[in-house]
Amino acid sequence: MNLRKFTAGVLSFSLAASLFAAVPVSAKSEAPEPFKIGFPWDTANTDPTWISIYNNVEAVVEAAGGELINVTTDNSADELINNVSELISRGVDGILLMPAADSMLPTVDAMCADAGVYWGTMFRTISDEAIREAMYESEWFAGGCNEDDEACAANIVKSMSEMGVTDLGVINIAKGDTSSDLRDKGAAQGAEEAGVNILNTTYDISVTTDMTKTIESYIAAYPEMNGILVLGTYCEAAIPTIEKALADHDKAGEIKVGRIDFESELGTYLSEDTFHVAYGGQQQIDPLVSAVILVNQVIGTPLSEDGPTNIITPYLEMTDAQEAEDFNQYFLGEEAVYNPEEIKDTMIRYYNEDVNKESVEELISTFSIADVAARHGETK
Amino acid sequence: MKKILIRTLETLALPVVVYLIFLAIIPERFGNWNCFYTIFLQSIIPTITAYAIAFGNICGLFDFSIGSEQIISGVVGGLMAAKYGVAGMVLGAFISALFITLLTGILNSVFRIPSLVLTMGLAMIYEIVGSKLAGHYGFVQIDTEHAIFGSSPEIVIIFIAMLALFYFLFNHTVFGYNLRAVGSNETVAKASGVDVRAVKIKAFFYGGIFLAVSAILTLCQSGSVGAQQSLGSVTVIFKPLISVLLALVLQKICNLSFGIFIAQFTLNIIFIGLIAAGLPDTFQNVVLGIFLLIVMILFRNTERIEILKSRFVKRTCILGGGET
């Protein structure tokens, strides 16, 4: 009996101790000072990817106890500078944007420095050395995320080469865009290493009629073409349009198709074996982690103490229909790819002192479609 | 008869010369039937879109909203196809196109502001309407079984019918005569008793017929139609508009109905030719721009060119005479 009481006492003590141990000593239950994050984004756009980008940024800001202020933009350099000015006048504490060009950044930094507002970037790296150096010395630049576009493009070309592609027709977003240029460079490098011949690249296709026309022109002009790679496009329904054009010429399945950036219809074509490989998923994780960097800076708990934080977010590979279905459900739904509790516990230093740049990098290193599906599946 | 033959040869000279240039540069890629046939098929939809643009253009209207109207027509057609099949698609596309072009025409008549300004504003509104109609994913797809008009021979038959309809409306109706009268001098036309406002509304409305057909063919050919925003729909207009401008210049030797097709066919030869030559996309736009300028300059300055030519011949004769 005594032994039983003693054992119960030890267990109770252990349980109580473990409960205390599970809570970080510095964890704060109360919210930080109210703060506002400004976010220029085209919220009128009904594209699910664009909506999901907004949702992921909003999830971070609100999880940390802040308010997201949106101004509509067309994401051009001039418009973004006007947006920054407007957001500053609306009293925001931080601004997150997707830069249209490196050259606009010194202006943004000067405006933010004058107003005492932190700012951060998403999706884009700073290619210009001088501008990059100046921005990383700025007190007001929090940092941001970008992807290794070059490596991604090289990898997808190599993947397609392994599928038997030797002659590739390419489609990309407008030249001059940082991602477009890097993807071009990566594709050229991947093609050289894998011995793939890039037949031609068409840029800046924005409507389905032009997409159809380009694919038909490729088929007519290059009978040897056995692969089509979409390095990037803002054309709605790009893959369905390409697939239709290929089917009309009896080339569906015969010509391998790949693309960077996921879209909603990939699952159908993956299951039909007329679409073969996609790299993407960064459109949700990048804005989320970029917002994490900025929010941590704004509330006074930056992820790294020695200047702006730059995190490279991963590209995910999609090669089967189930992954495509999970992507549509969990990445393009209304929820962010991490839920508010996960964001608070694992990404906001104010709530968990152990959070830093390395811990966030480690966290996103396990980020995958299956990971999001498993976590969201559990919470449902 | 001889005159008709000469004019036909003169008209065909434009695409033939351009084709021969590319054939000489890249014979292995350009000298096959498939390539030629693809150029022909690719010219059909922009030609029909150009017919929709031409009515307004001839009577001095510039319609920026055509692309967004085409999207709405395609989206409604696509949505109706899902419920009522091919008949629903055709009906949906026609009703929406005719309604929206009529609305544009009436607004143009009521507000009396430059059509460029009005249609630019309307394009933005129509784009949002198109996006909302397209739903969550921003585009509408149709089943392959409904996409029956997008491939040959159906698309060719529809094209011939549209060409005949445009030819008839433009050359053999009171509306066609009034349209040209308003286009050449609005004040004189008004003084002659032409109801200018009615003609302009009709120009939008009749354009809607061709717009609906081009929307259906686009939907059938691409299998989907995507919504556009921030004036993205305007890009649809550019190439058909260039063909209308070229056709207006070619009008001296060729009827507008055929001129538009010839111009569009020539533009597509250049487009595919440059792709086959491996030239970058930016270069294609430069060449298209230069081509447009050259043709416009040559045809607009025929009299000056004739004078320069006669002067040159005269000078050569004098010099030749001096030497002997």
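Bear in mind that the values in this text are calculations on the coordinates, not laboratory data. Bear in mind the structure is a predicted one, so any value in this text is a computation, not a measurement. No Cβ is skipped: glycine too gets one built from the backbone with ideal geometry, and neighbour counts run over all protein chains shown.
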Check: So which residues in the range A:303-342 are touching a strand residue (DSSP E or B) at 6+ places or on another chain (Cβ under 7 Å), part of a loop (DSSP other than H, G, I, E, B) and surrounded by fewer than 20 Cβ atoms within 10 Å (Cβ to Cβ)?
Finding: A:THR319
Next item on the list: Specify which of the listed residues (B:GLY60, B:GLY31, B:GLY56) is on the phi > 0 side of the Ramachandran plot and more than 8 Å from every other protein chain (Cβ to nearest Cβ).
Entry: B:GLY60
Check: Which of the residues that make up the range A:263-285 are within 18 Å of A:ILE53 (Cα to Cα) and not in a helix (DSSP H, G or I)?
Finding: A:GLU263, A:SER264, A:TYR279, A:GLY280, A:GLY281
Notebook entry, point to check: Has the range B:52-63 got any residue that is assigned to a helix (DSSP H, G or I), among the aromatic types (Phe, Trp, Tyr), under 19 Å from the mean Cα position of the chain (by Cα) and crowded, with 24+ Cβ neighbours inside 10 Å?
Noted result: yes
Notebook entry, point to check: Quick one: is A:LEU288 away from chain B (no Cβ under 13 Å), touching a His at 6+ places or on another chain (Cβ under 9 Å), assigned to a helix (DSSP H, G or I) and closer than 30 Å to A:ASN339 by Cβ?
Noted result: no
Notebook entry, point to check: Do we have any residue at all in the range B:101-115 that's closer than 20 Å to B:ILE45 by Cα, more than 12 Å from every other protein chain (Cβ to nearest Cβ) and surrounded by 16 or more Cβ atoms within 10 Å (Cβ to Cβ)?
Noted result: yes
Next item on the list: Only one of these is aliphatic (A, V, I, L, M), within 11 Å of chain A (Cβ to nearest Cβ), out of contact with any helix residue (DSSP H, G or I) (no Cβ under 6 Å at 6 or more places or on another chain) and free of Cβ contacts under 8 Å to residues at least 12 places away in the same chain: B:LEU308, B:LEU279. Name it.
Entry: B:LEU279
Check: Taking the range A:263-305, which residues are over 21 Å from the mean Cα position of the chain (by Cα) and more than 30 Å from A:GLU33 (Cβ to Cβ)?
Finding: A:THR268, A:TYR269, A:LEU270, A:SER271, A:GLU272, A:ASP273, A:THR274, A:PHE275, A:HIS276
Item checked: Selection count, the range A:162-198, where residues are at the interface with chain B (Cβ under 10 Å from one of its Cβ atoms) and buried (at least 19 other Cβ atoms within 10 Å of the Cβ) -> 4
Checklist line | Hits in the range A:78-106 - residues which are farther than 14 Å from A:ILE126 by Cβ and either surrounded by fewer than 16 Cβ atoms within 10 Å (Cβ to Cβ) or not hydrophobic (A, V, I, L, M, F, W, C) (or both) | finding: A:ASP78, A:GLU79, A:ASN82, A:ASN83, A:SER85, A:GLU86, A:SER89, A:ARG90, A:GLY91, A:ASP93, A:GLY94
Checklist line | Residues that are closer than 22 Å to A:MET111 by Cα, touching a Ser or Thr at 6+ places or on another chain (Cβ under 9 Å) and surrounded by fewer than 17 Cβ atoms within 10 Å (Cβ to Cβ), drawn from the range A:43-74 | finding: A:THR72, A:ASP74
Next item on the list: Restricting attention to the range B:155-181, report how many residues are surrounded by 14 or more Cβ atoms within 10 Å (Cβ to Cβ) and within 26 Å of B:VAL213 (Cα to Cα).
Entry: 16
